[in-house]
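Asker: Below is the structure I would like to discuss, written out as structure tokens.
Derivation of every value follows stated rules applied to the coordinates shown; laboratory data play no part. Model, not experiment: these values are computed from the prediction. When we count neighbours, we look across all protein chains shown, and the Cβ atoms used for this are built from the backbone with ideal geometry, even at glycine.
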Amino acid sequence: MLALMNETEFEALAGAALSRIEQALEASGVDADFELKAGGVLEIEFADGSKMVINRHGAAREIWVAARAGGFHFRWDGSAWRDTRDGTELFAALSKAVSAQSGQAVLLRP
């Protein structure tokens, strides 16, 4: 699992997750601007000017989320990206954080 994941595997999994997040945001209709930048950084800017940043962190083999609600780290468990503190799945956590920050109900699907 995590201990066996090499950098190439991590980059592929994290890159795919970031692309899926971008597609899910597009499909959600949320009132926000977002852009997946080089180096695996997804920036989201909401109508109120607040931002959320989602990026891959290679050294820790994690996806990090910086939102108004706080900072969150997600680690691959072999089948899903899960919050290192409470085990919440990445898309479920992002749905909650994006909904809170945008002020509109948003459901992001993997």
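Asker: Having 3 or more residues that are in contact (Cβ under 8 Å) with a residue 60 or more places away in the chain is the bar; report the strands (runs of 3 or more DSSP E) wholly within the chain that clear it.
Answerer: On the way: elements: 32-37, 41-46, 51-57, 62-67, 70-76, 81-83.
Ranges flagged: none.
Asker: Somewhere in segment 45-53, is a residue under 20 Å from Pro110 (Cα atoms) and either touching a helix residue (DSSP H, G or I) at 6+ places or on another chain (Cβ under 6 Å) or surrounded by 13 or more Cβ atoms within 10 Å (Cβ to Cβ) (or both)? Don't jump to the end; show me each part of the working.
Answerer: Going residue by residue through segment 45-53, those that are under 20 Å from Pro110 (Cα atoms) are 52-53.
Next, only the ones that are either touching a helix residue (DSSP H, G or I) at 6+ places or on another chain (Cβ under 6 Å) or surrounded by 13 or more Cβ atoms within 10 Å (Cβ to Cβ) (or both) stay: 52-53.
Yes, the conditions are met somewhere in segment 45-53.
Asker: Please find, among Ala32, Ala17, Ala24, the residue that is surrounded by 16 or more Cβ atoms within 10 Å (Cβ to Cβ) and in contact with a Leu (Cβ under 6 Å, 6 or more places away or on another chain).
Answerer: Working: Ala32 fails: in contact with a Leu (Cβ under 6 Å, 6 or more places away or on another chain); Ala17 fails: in contact with a Leu (Cβ under 6 Å, 6 or more places away or on another chain).
The conditions single out Ala24.
Per-residue answers, yes or no, for (1) farther than 18 Å from Pro110 by Cβ; (2) touching a strand residue (DSSP E or B) at 6+ places or on another chain (Cβ under 8 Å):
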position	(1), (2)
Asn6	yes, no
Leu13	no, yes
Ser28	no, no
Asp33	yes, yes
Asp83	no, yes
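Asker: Working only within segment 70-81, note down all residues that are touching a strand residue (DSSP E or B) at 6+ places or on another chain (Cβ under 9 Å) and of a type in the set (Gly, Ala, Ser). First the steps, then the outcome.
Answerer: Let us first name the residues in segment 70-81 that are touching a strand residue (DSSP E or B) at 6+ places or on another chain (Cβ under 9 Å), namely 71-76, 80-81.
Those that are touching a strand residue (DSSP E or B) at 6+ places or on another chain (Cβ under 9 Å) and of a type in the set (Gly, Ala, Ser): Gly71, Ala80.
Asker: Given the options Ala69, Ala32, Ala59, Ala47, name the one that is out of contact with any Asp or Glu (no Cβ under 8 Å at 6 or more places or on another chain), of a type in the set (Gly, Ala, Ser) and more than 19 Å from Met5 (Cβ to Cβ).
Answerer: Details: Ala32 fails: out of contact with any Asp or Glu (no Cβ under 8 Å at 6 or more places or on another chain); Ala59 fails: more than 19 Å from Met5 (Cβ to Cβ); Ala47 fails: out of contact with any Asp or Glu (no Cβ under 8 Å at 6 or more places or on another chain).
None of the others qualify; the one that does is Ala69.
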